[in-house]
Structure formats: C-alpha cells, structure tokens
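Everything below concerns the one structure shown next.
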Amino acid sequence: QEHYRDPNDVDIPYSVEIRPRIEVLNSTFLRANYSKRQLKEVLVDFWHNHFNVYAETSGVHSMFVHYDRDVIRANVLGNFRDMLYEVTRSTSMMMYLGNGVNNVVEPNENFAREILELHTIGAEHYFGHMPHEDVPADNQGRRLGYAEDDVYYMARVLTGWSYDGAHWSDDGNGHAPTGEFMYRDDWHYDGISRIMGQFYEYDFDDQEKDVNDVLDMLAEHPLTAQFLAKKLCRRFIADEPSQNIINQVADSLHQNWQASDQIKLAMEVLLKSQDFLNTWGEKIKRPFERAVSAMRAVGYEYSFNPDDSYTNTHRYLFDDTGQMPFTWSTPNGFPDVKSHWLGTSSTMATWRYIQWFCRERDDNENPLNIILNQTLNHFSNANDITPINLVDYWFPQICGALPETHTRDKLIEVMAYIYEWDSQIQSSVLSNINDNDVIDLSTNEFGGYNQERLTAMVTLVLLTADFSYR
C-alpha cells in the first residue's frame with residue numbers, strides 16, 4: 001500500500017514504487033561484500049536464478065523485499081518443498097507469471113508450465129503432446145516426465161491461487177488491496193486433475209489440499225532431485241559435472257526430501273566431494289561474483305544508499321555488465337555456463353566497473369589507502385618493497401597462487417615504470433627502474449606516482465584471467 005496501491009487512491013511516484021526493489025538490490029551487494037556467510041550468499045543467488053522473477057515487472061518492485069527475505073533467503077539451506085510452496089504463494093511470482101489472475105474460466109498456463117519445466121522435473125523430461133498414458137514410468141509407477149496434458153491440469157489445480165489486488169473487484173467498500181496471498185474459491189477448478197499419472201481431487205474441507213499434494217509429488221520425485229542436483233553441481237563444480245557427483249547429490253536430496261535441512265545436507269555432500277575439491281578453472285566468475293570478489297579482495301568500503309548519487313552511479317555502471325541482479329527477463333534465470341560470459345561486451349564492462357571503484361579516492365577508506373596500508377603492514381622492512389616482491393605478494397593474496405611467467409613479468413613491468421623529465425624535449429618520458437630496486441611508498445609524487453602505481457598494479461590483477469577462474 002505504501003509503494004503500489006495507496007488506500008486513499010493517491011498517485012505514488014515511480015521512485016517510491018521501485019524503492020523496495022532498489023533496496024533489495026543494494027542489500028544484495030552489501031551482503032555479498034561484507035557477509036561472513038558466503039555460502040549462504042552464493043545460494044541466495046542460485047535460488048533467485050532457479051525461481052527467477054524479473055524484478056522490474058510492474059507491481060513486483062513493491063513486493064520484492066518479501067520475495068527476497070521471506071521466500072528465498074529464509075529457505076536457501078532448508079527444505080526445497082517449503083521453498084516451492086512459498087514461491088507458489090508469492091505475490092512477486094504470481095505478478096511475474098500471471099497466476100494471480102488464473103481463473104478456471106480462462107486458465108493461465110504460464111506458472112504451471114514453469115513449475116514443471118524450470119522448477120522441478122526439467123524441460124529435458126517434457127514429452128510434448130504425447131498421450132499421458134504413453135509417458136514412461138519407473139518401477140514404482142512414477143511417470144518419468146510430463147506431457148502437455150499435465151501442464152493443462154497443473155494450470156487448473158493452481159486456479160484461484162492469487163493475491164489481494166489482482167482483480168479490479170478487490171477495490172471498494174472501504175477495502176484497499178494489500179498484495180497479500182488470497183485464495184479465491186470461486187476461481188478454483190473443483191474437478192479431478194490428473195498430473196503425471198496421479199489423480200488429485202478438490203477437497204471442500206481443505207481447499208489447498210490439491211495443490212499441496214501436487215507439490216509433495218513434485219518435491220519427492222527423483223527427477224526433481226536429479227534436476228536440482230545437476231544445477232547445483234553446475235553452479236559449484238563445472239559446466240558439465242560428472243554424473244557420479246550429480247547422483248550423489250540427487251540421492252541426498254531425494255532421501256531427505258522431507259528434512260528441514262534437506263538442502264544443507266545435499267550441499268555437504270557436494271562440497272566434501274572430490275569433484276568439488278579437485279576442480280579448478282572449469283567455471284568463471286559471472287560479472288556480479290567477479291565485481292564483488294574484487295571489492296572483497298581490496299577491502300573496498302561503500303554504503304549503498306538509494307538516496308545517494310554515488311550509489312546510483314554504482315548501479316548504472318554495473319548494469320552494463322549484463323548481470324544486474326534480478327533483471328533477467330525470462331523465467332530461466334541468468335545462464336550458468338562459461339561460454340555465455342566470455343563475450344567482449346560483458347568482460348569489458350566488468351573491467352570498467354572494477355577499475356572505476358578502485359579509483360575511488362573520496363575518503364580514508366578508499367582502495368588506494370587500503371592497499372597501501374596492507375602493503376606497508378606486510379613489508380616491515382622498507383628495503384623489501386620492490387616491483388618483484390610487490391607482485392609476488394599481491395597476486396597470491398588475490399588469486400591464491402603465483403601467476404604464470406608472462407603475467408608475472410608484465411605486472412612487474414608495471415611496477416617498474418617511472419616518469420622522468422627529459423630536458424632536451426622539455427617533456428616527461430616513460431622509463432623504468434630495475435625489478436629489484438626499492439620503491440618508496442611514502443610518496444605519490446611525479447616520477448613514480450608510487451602509491452597510484454601500486455593500486456593500478458593490484459587493479460590489473462583483478463582483470464587477469466586467473467582472477468576470473470573459480
């Protein structure tokens with residue numbers, strides 16, 4: 001009501017309408033940069049993509065705090081069935097995929113299709129217009145996929161699951177819509193539905209029973225466990241993870257499908273596996289991960305405030321990278337394969353963004369001072385501050401290991417550059433010092449610009465291929 005449907009029918013400025021979404025976006029950057037619970041933050045990103053909602057959809061702006069806080073974040077290490085239920089009741093998801101107006105008179109199949117295709121069973125198990133009775137089954141009678149008939153009945157089961165304000169009739173008689181979940185019995189299909197070989201009957205005494213029974217079936221199904229396991233392994237291990245680790249994670253998800261910590265148990269299997277421990281460089285950081293890990297690497301301090309112009313500049317510049325959180329317009333979420341993020345446009349925009357905030361000099365907690373202080377604290381003997389030693393200290397600090405020879409030589413070369421005045425041409429010329437010469441970091445004056453050069457070298461480390469791997 002404060003951000004979308006004023007009870008007094010007062011026009012709400014667009015900046016007020018979108019503020020909840022902007023605050024979620026800002027807090028997402030803040031948590032990713034500062035939180036000690038990094039696994040949780042990565043999983044929040046994962047589940048937001050799995051249950052993708054395009055946050056710039058009309059109406060979603062004002063409800064997005066609820067979606068992030070109560071639907072996704074509350075369940076990332078909990079139970080998938082619980083999260084699926086909350087997603088199904090979420091106003092943001094209903095606004096995005098149209099289930100808020102899903103009426104038995106004119107069923108809307110959007111959300112029903114995505115539950116089967118993107119949230120549980122997976123598109124690879126779609127059998128098109130095959131007769132439902134011809135869809136193969138396992139030895140326990142569970143169908144090994146879904147057909148168009150299943151989408152048809154899934155949409156009808158979900159009729160009436162709506163929110164206050166989805167229909168024009170919700171206004172009036174002194175009532176102002178709240179946007180909260182609303183079950184509309186007069187919109188709901190009250191017949192028998194057949195979904196993936198099982199029958200679901202409407203219960204007048206328990207009006208949500210048919211939907212809950214379908215969600216139970218989908219959450220327990222081995223294909224759902226396989227689908228989720230493959231996506232988790234793709235996120236954390238490789239674009240093409242081994243079937244062995246997928247099966248291990250899927251077994252954990254399936255066996256513990258009713259456990260309150262189901263996802264946590266499955267993540268323990270994944271993160272303790274040899275596939276995870278021994279795999280390096282099969283994934284690259286997407287722009288959001290790369291930018292935030294750069295902030296963490298240099299100790300970048302900032303405050304994301306929706307009313308602050310500098311904060312807004314952050315958002316505008318990062319938008320060019322192609323991965324502004326919550327802005328993937330289709331339901332499948334941001335791609336999670338290396339090939340999608342190797343393009344020049346995305347890479348260059350991410351580099352520009354990292355270079356931009358590394359040049360920030362407005363306060364004492366800016367990257368130059370943070371990098372300088374950390375360097376001076378490490379090198380207790382000023383005579384050890386040489387181009388070679390600076391590179392050999394900072395590169396492992398950021399990337400975990402020394403670079404290959406060519407990259408190392410180029411970074412050392414950057415640290416060895418100085419400007420000298422050439423009296424004959426009355427201009428400064430670029431020269432270089434010896435790789436083992438001492439650099440005086442107490443000065444940032446003409447010639448060496450030593451402190452700025454150190455920051456530039458560290459920034460260059462953030463732009464290397466080594467830093468993009470994970």
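The values are calculated or read from the model by the stated rules, or taken from the named source; none is laboratory data. Just so it is clear, the model here is predicted, and its values are computed rather than measured. Here the Cβ positions follow ideal geometry from the backbone for every residue, glycine too, while neighbour counts run over all protein chains shown. Each accessible area value is taken on the protein alone, full model and side chains, heavy atoms only, with ligands, DNA and RNA left out. Shrake-Rupley method; radii C 1.70, N 1.55, O 1.52, S 1.80 Å.
Things worth noting here:
- Scope region 353-382; condition over 14 Å from ASP319 (Cα atoms), of a type outside the set (A, V, I, L, M, F, W, C) and part of a helix (DSSP H, G or I); matching residues: GLN355, PRO367, ASN369, ASN373, GLN374, THR375, ASN377, HIS378
- ASP164 being out of contact with any Gly (no Cβ under 8 Å at 6 or more places or on another chain) and either more than 22 Å from ASP213 (Cα to Cα) or not β-branched (Val, Ile, Thr) (or both): no
- Restricted to region 161-267, the set of strands (runs of 3 or more DSSP E) holding at least 1 residues that are open to solvent by 10 Å² or more (accessible area, probe 1.4 Å) and free of Cβ contacts under 8 Å to residues at least 24 places away in the same chain comprises 181-183, 192-195, 198-201.
- Matching entry among TYR4, TYR96 (being outside any helix (DSSP H, G or I) and either in contact (Cβ under 8 Å) with a residue 24 or more places away in the chain or open to solvent by 10 Å² or more (accessible area, probe 1.4 Å) (or both)): TYR4
- Selected residue (criterion: surrounded by the fewest Cβ atoms within 10 Å (Cβ to Cβ)) from residues of region 311-352 that are in a helix (DSSP H, G or I) and touching a strand residue (DSSP E or B) at 6+ places or on another chain (Cβ under 8 Å): LYS338
- Meets criteria (aromatic (Phe, Trp, Tyr), surrounded by 17 or more Cβ atoms within 10 Å (Cβ to Cβ) and out of contact with any strand residue (DSSP E or B) (no Cβ under 9 Å at 6 or more places or on another chain)) for TYR14: no
- Looking only at residues in region 442-470 that are within 14 Å of LYS285 (Cβ to Cβ) and of a type in the set (S, T, N, Q), the one that is surrounded by the fewest Cβ atoms within 10 Å (Cβ to Cβ) is THR464.
- Of all residue pairs spaced 6 or more apart or on separate chains, those with beta-carbon atoms under 9 Å, a first member in region 133-158 that is at positive phi and a second member that is assigned to a helix (DSSP H, G or I) are GLY145/GLU124; GLY145/HIS125; GLY145/LEU223.
- Of all residues making up region 131-173, the number that are hydroxyl-bearing (Ser, Thr, Tyr) and within 13 Å of GLU109 (Cβ to Cβ): 4
- In this structure, ARG361 does satisfy being open to solvent by 30 Å² or more (accessible area, probe 1.4 Å), among the charged types (D, E, K, R), modelled with pLDDT under 90 and more than 14 Å from the chain's Cα centre (by Cα).
- Matching residues, region 19-54, being more than 18 Å from SER90 (Cα to Cα) and aliphatic (A, V, I, L, M): ILE22, LEU25, LEU30, ALA32, LEU39, VAL42, LEU43
- Members of region 271-300 that are surrounded by fewer than 19 Cβ atoms within 10 Å (Cβ to Cβ) and over 21 Å from the mean Cα position of the chain (by Cα): LYS272, GLN274, LEU277, ASN278, THR279, GLY299
- Among the residues of region 99-116, the ones that are touching a strand residue (DSSP E or B) at 6+ places or on another chain (Cβ under 8 Å) and assigned to a loop (DSSP other than H, G, I, E, B) come to 1 in all.
- Applying the criterion of being assigned to a loop (DSSP other than H, G, I, E, B) and not charged (D, E, K, R) to the residues of region 7-37, the residue that is farthest from the chain's Cα centre (by Cα) is ASN8.
- Odd one out for VAL71 among (1) of a type in the set (A, V, I, L, M, F, W, C); (2) in a loop (DSSP other than H, G, I, E, B); (3) closer than 21 Å to PHE111 by Cβ: (2)
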